[in-house]
1. Out of the residues in the range 113-134 that are among the β-branched types (Val, Ile, Thr) and assigned to a loop (DSSP other than H, G, I, E, B), which is modelled with the lowest pLDDT?
2. For Ala73, all conditions in the list (1) surrounded by 15 or more Cβ atoms within 10 Å (Cβ to Cβ); (2) over 17 Å from Gln114 (Cα atoms); (3) within 20 Å of the chain's Cα centre (by Cα) hold save one; what is the number of the exception?
3. For the range 139-146, indicate whether the set of residues that are within 30 Å of Ile64 (Cα to Cα), over 21 Å from the mean Cα position of the chain (by Cα) and at pLDDT below 90 is non-empty.
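The values are calculated or read from the model by the stated rules, or taken from the named source; none is laboratory data. Just so you know, these numbers come straight off a predicted model, no measurement behind them. All Cβ positions, glycine included, derive from the backbone under ideal geometry; neighbour counts span all protein chains shown.
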Amino acid sequence: MTKAPIHMPNPSRRMRGFEATFGFVKDPIRAVGEKRGFAVTRLLTHWPDVVGQDLARTTRPVKIGYSRDGFGATLTVLVSSAHAPMVQMQVPRIIEKVNAVYGYAAISKISLTQTAPTGFAEGQAEFLAAPKAEKVIDPAVREKAVETAAPIADAGLRAALEALAQNILTRRKT
């Protein structure tokens, strides 16, 4: 019985796994984004990178509407009512940052809304909470963690092990 020769994979062949999965969802995501006016879906997927973490906690892009004369579009942004005045003051900066994503002056106006077009209850977005305050660590626990990781020469690894030791020692006490 002879064995079949083993063929080496063709390097020009596409990868499998997540790349193939992305191929299945790419077109439906693009279609939904374009239905809402988002020709550049990066505006939706990378909203915190576009406007910054502070604004992203309180805002979400909802849709882009194009006027009949074709001179600039209107970006509708969902914002919580308490933050609307602060966001309104930053509208010129948001327009500038969004247009940087598009590469040209695509957005000429921003409309703030407190409900999404789907309805009041369904359209409410979940906004990110403020970052948690750093907890106070007992100096004795910190000293024990530093002492435990002291023999490690690599600074990055030593810092990671110190943090791990602090977490373990803190949990034992509570």
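1. Ranking the candidates gives Thr118 first.
2. (3)
3. no
Table: residues versus (1) touching a Ser or Thr at 6+ places or on another chain (Cβ under 7 Å); (2) assigned to a helix (DSSP H, G or I).
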| residue | (1), (2) |
| --- | --- |
| Val136 | no, no |
| Val141 | yes, yes |
| Val146 | no, yes |
| Ala153 | no, no |
| Leu157 | no, yes |
| Ala160 | no, yes |
| Leu164 | no, yes |
| Thr170 | no, yes |
